[in-house]
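The values are calculated or read from the model by the stated rules, or taken from the named source; none is laboratory data. Just so it is clear, the structure is predicted and the values come from calculations on it, not from any experiment. No Cβ is skipped: glycine too gets one built from the backbone with ideal geometry, and neighbour counts run over all protein chains shown.
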Amino acid sequence: MASPASDAPRDPAGEAPPRTLRRIGRSFGYAFEGVATIVRTQPNFWIHLIAGCLALGLGVALRLSPGELALIVLTIALVLIVESINTALETLCDLVSPGHHPLVKRTKDVCAAAVLFAAIAAVCVGLLLFGPRLLAVSH
């Protein structure tokens with residue numbers, strides 16, 4: 001059975017049809033609109049982004065291994081992804097239930113807890129990677 005991607009019609013040169021390229025381009029456009037929305041409207045996203053950049057810079061300054069730097073990048077990505085999903089779900093909750101509703105509150109609280117868990121995990125990764133090196137430098 002062929003995959004959906006291989007079932008897409010192709011021209012004789014093997015190129016994807018322009019319609020498919022436009023659809024892919026639109027998808028990236030929507031994603032960048034989402035990034036712009038988060039950056040414009042979510043102060044916590046900025047806090048996480050700045051903390052992540054500082055952590056990555058510290059990792060470079062302390063000459064962490066490529067694997068350790070990759071772990072930092074993945075940890076930063078995790079926090080930013082969870083913050084983005086939190087924002088999306090809060091926005092959807094506000095649309096569905098503009099007034100106060102206990103289930104909407106519960107949903108928002110659980111989403112906030114997910115961000116908190118990701119941030120705590122990021123701090124733990126930072127302590128494990130940076131702690132020994134910073135102690136060695138200070139002694």
Pairs where the first residue, in the stretch 124-139, is assigned to a helix (DSSP H, G or I) and the second is among the β-branched types (Val, Ile, Thr) and modelled with pLDDT of 95 or more, C-beta under 6 Å, 6+ apart: Val125/Thr75
Residue that is closer than 30 Å to Arg133 by Cβ and either touching a residue at least 12 places away in the same chain (Cβ under 8 Å) or over 13 Å from the mean Cα position of the chain (by Cα) (or both), where the choices are Val96, Val73: Val73
Subset of the stretch 99-139 [more than 23 Å from Leu54 (Cα to Cα) and over 17 Å from the mean Cα position of the chain (by Cα)]: Gly99, His100, His101, Pro102, Leu103, Val104, Lys105, Arg106, Thr107, Lys108, Asp109, Val110
Helices (runs of 4 or more DSSP H) within the stretch 1-117 that include 2 or more residues modelled with pLDDT of 95 or more and out of contact with any Cys (no Cβ under 6 Å at 6 or more places or on another chain): 18-41, 43-61, 66-96
Exclusive hit being buried (at least 16 other Cβ atoms within 10 Å of the Cβ), among the hydroxyl-bearing types (Ser, Thr, Tyr) and over 16 Å from Ala122 (Cα atoms), set Thr75, Thr41, Thr107, Thr91: Thr107
Hits in the stretch 53-68 (condition: free of Cβ contacts under 8 Å to residues at least 40 places away in the same chain and surrounded by 16 or more Cβ atoms within 10 Å (Cβ to Cβ)): Leu56
